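A quick write-up on the structure given underneath.
The values are calculated or read from the model by the stated rules, or taken from the named source; none is laboratory data. Treat the numbers as computed from the prediction; the structure is a model and nothing was measured. Heads up, the Cβs are rebuilt from the backbone with ideal geometry, glycines too, and the neighbour counts pull from every protein chain shown.
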Amino acid sequence: MELQHRTLDLALDRDSDVPLRTQLFDAMRARIESGEWPVGTRLPSSRDLATELGVNRTTVVHSYADLVERGLLDSTVGRGTFVRERAGARTAPRRADATARDAFTWDGVLARSRPLPTLPSGDAATGGVGMARAVGHPTLFPLERIKTAMDRVFADLGRDLLAYPSPAGYEPLREALRARLAKQGVAVERNELIIVNGSQQGLDLVARLLLADGGTVLTSRPSFSGALDVFRWYRAQMVGVPADADGFDPAALDRALATSRPRFAYVIADRANPTGATFTAAARARFLERVQAARLPVLEDDWLAELRGDGEPAPLKAGDRHDQILYLGTFSKVLAPGLRLGWLLVPKALYRPLLALKKTCDLATNFPAQAVLHELLQSGFIDDHVRDLRTQLERRRALLDAAIDTHFPPSIRPRRPHSGMVCWIDLPRGLDVARLVDDAHRAGIEISPGAPFDPAGQQVEALRLSYSAADEAALAPAIARLGKLLHHHLHGASQLAAPPMV
Ligand SMILES: Cc1ncc(COP(=O)(O)O)c(C=O)c1O
């Protein structure tokens, strides 16, 4: 299929704060991912499209390059730019189908301007060393103990577990979580707790409620891609502010608050995804003061709350004197993501609307899974398991850091300090990240490029490495291979041959 650029219908809003390059990227991505532009579709040349849209040619060139980096387009000099084959992507209809008069088509039915996120390629299927996903390696999931818990809860609760649970969650589990949060200094009595189907659902519920008619979200730059995808779906504008262990850059935060009126700030103050940074106590106090003065609601994503050790700073929510923080957590990272269990603690004023939205989503969260988690909490297993997991993650982090110090070019280091499951590596300007990620893939290592974590949707010369997701024994050899690739890329080697799989 060849697109006629005169009928592309890619309306760009020149008055919008969103850069034209991002608008064009989002519009084209939506068409590719919805299947409106099927695999194999040929796009117009950047010159033709730029003329048609009345934009600078470099805008189109960059948007195409962004889509190539996302794995949505293939571009070959001399051949042109085509929608790329991806797992699960829709292929172009066969000629006979396409010409059939009565052929059914979804064109025009799918929402046009909603930016669909890219689906993950799935590390597991590649058989390589998976360092792309922020989750534990499957050997870190306590399979046997979860099986025992499942037997126990069915023995105790029997058929009751097969009924619809309450939309807010299994009451004994809610109670256990409230008690846990209270121990962290979080004032649960002024709030309500909803068990959610993974914290991703919490992000969606909050976005549905607070971004129903769009709006702006303030977040760190970089920030968690899964949250950015949700906010974008609700047509939010993103304002990204650089952040590290000292919290948000104060001048940039002030500027962002002065120039936009965000609906809320999305913040990961502990072991952030994707940087691994943790706000110091002073940074927390400064941030709380600032958002309280600005009366800005906050969504705190404490994805690794369970890893918080004695003596570490309390969550932002513990210092929330005015009930302006929604507080989100998950058991995906410290127990098993397949259980799909998270929680959302919200000020009472937001409880009923959020619960109503939760009901429209899924009526309630899986009952047996909630009962299993309750059993694991009550028996004390989770505390032991988390203690052990923290040690394992620390060991992996030390392994990773040591391997990076040995094998990476001296100018390429992770942002430090970092802890948790992932780290962030800034790369020299101009380094072709998409090619590096592709070369790493061919060398059997799955890593994430930085772009999906950028709130403005810009290309960024950076990588996120997950050291929790890989097999521990494979970590150092994988970093050694990646180090070789980085040396080659840094020295501008072209047509690099991937090192053999070890
Ligand atoms: C920071 C952060 N928040 C939320 C989630 C969503 O996780 P889940 O829905 O499994 O709880 C993730 C998953 O990677 C994450 O990294």
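Of the residues in region 275-306, how many are on the phi < 0 side of the Ramachandran plot and within 16 Å of the ligand (Cβ to nearest atom)? Looking only at that region, the number is 13.
Pairing residues of region 321-344 that are more than 20 Å from Ala168 (Cβ to Cβ) and more than 8 Å from the ligand (Cβ to nearest atom) with residues that are assigned to a strand (DSSP E or B) and aromatic (Phe, Trp, Tyr), at Cβ distances under 9 Å and at least 6 apart in sequence or on separate chains, gives Gln324/Phe264. So is Ala474 among the aliphatic types (A, V, I, L, M) and touching a strand residue (DSSP E or B) at 6+ places or on another chain (Cβ under 6 Å) or not? The answer is yes for Ala474. Being crowded, with 23+ Cβ neighbours inside 10 Å and within 16 Å of the ligand (Cβ to nearest atom) is a description that applies to Ala227. Residue check: Arg174 meets all listed conditions (1) within 29 Å of Asp249 (Cα to Cα); (2) modelled with pLDDT of 95 or more; (3) surrounded by fewer than 23 Cβ atoms within 10 Å (Cβ to Cβ); (4) touching a strand residue (DSSP E or B) at 6+ places or on another chain (Cβ under 7 Å) but one, namely (1).
Put simply, of Lys317, Lys359 the only residue that is basic (Lys, Arg) and surrounded by 18 or more Cβ atoms within 10 Å (Cβ to Cβ) is Lys317. Within region 206-244, the set of residues being of a type in the set (A, V, I, L, M) and in a loop (DSSP other than H, G, I, E, B) comprises Leu211, Ala212. Of all residues in region 436-490, those being of a type in the set (S, T, N, Q) and free of Cβ contacts under 8 Å to residues at least 40 places away in the same chain number 0.
From the list Thr59, Thr81, the one residue that fits, being in a helix (DSSP H, G or I), touching a Leu at 6+ places or on another chain (Cβ under 9 Å), modelled with pLDDT of 80 or more and crowded, with 18+ Cβ neighbours inside 10 Å, is Thr59.
Looking only at region 182-213, count every residue that is more than 30 Å from Glu461 (Cβ to Cβ), small (Gly, Ala, Ser) and touching a residue at least 12 places away in the same chain (Cβ under 8 Å) and tell me the total.
Number of matching residues: 5.
For the residues Ala440, Ala462, the requirement of being of a type in the set (A, V, I, L, M, F, W, C), surrounded by fewer than 22 Cβ atoms within 10 Å (Cβ to Cβ) and touching a Gly at 6+ places or on another chain (Cβ under 9 Å) singles out Ala462. Selection over region 205-224 of residues that are away from the ligand (no atom under 14 Å from the Cβ) and closer than 14 Å to Thr275 by Cβ gives a count of 1. Taking region 247-274 as the search range and keeping residues that are in a loop (DSSP other than H, G, I, E, B), touching a Gly at 6+ places or on another chain (Cβ under 9 Å) and not basic (Lys, Arg), which one is nearest to Val460 (Cα to Cα)? Per the criteria, the residue is Pro274. Against the test of being under 21 Å from the mean Cα position of the chain (by Cα), within 16 Å of the ligand (Cβ to nearest atom) and modelled with pLDDT under 85, the options Gly88, Gly122 yield a single qualifying residue, Gly122.
Out of all the residues in region 244-255, is one or more under 14 Å from the mean Cα position of the chain (by Cα) and either under 26 Å from Ala168 (Cα atoms) or not charged (D, E, K, R) (or both)?
No; the residues of region 244-255 include none that is under 14 Å from the mean Cα position of the chain (by Cα) and either under 26 Å from Ala168 (Cα atoms) or not charged (D, E, K, R) (or both).
Where residues in region 448-494 are over 15 Å from Ala402 (Cα atoms) and among the basic types (Lys, Arg), which of them is nearest to the chain's Cα centre (by Cα)? This residue is Arg464.
Residue count for region 188-201 satisfying the condition of being more than 16 Å from the ligand (Cβ to nearest atom) and surrounded by 15 or more Cβ atoms within 10 Å (Cβ to Cβ): 3.
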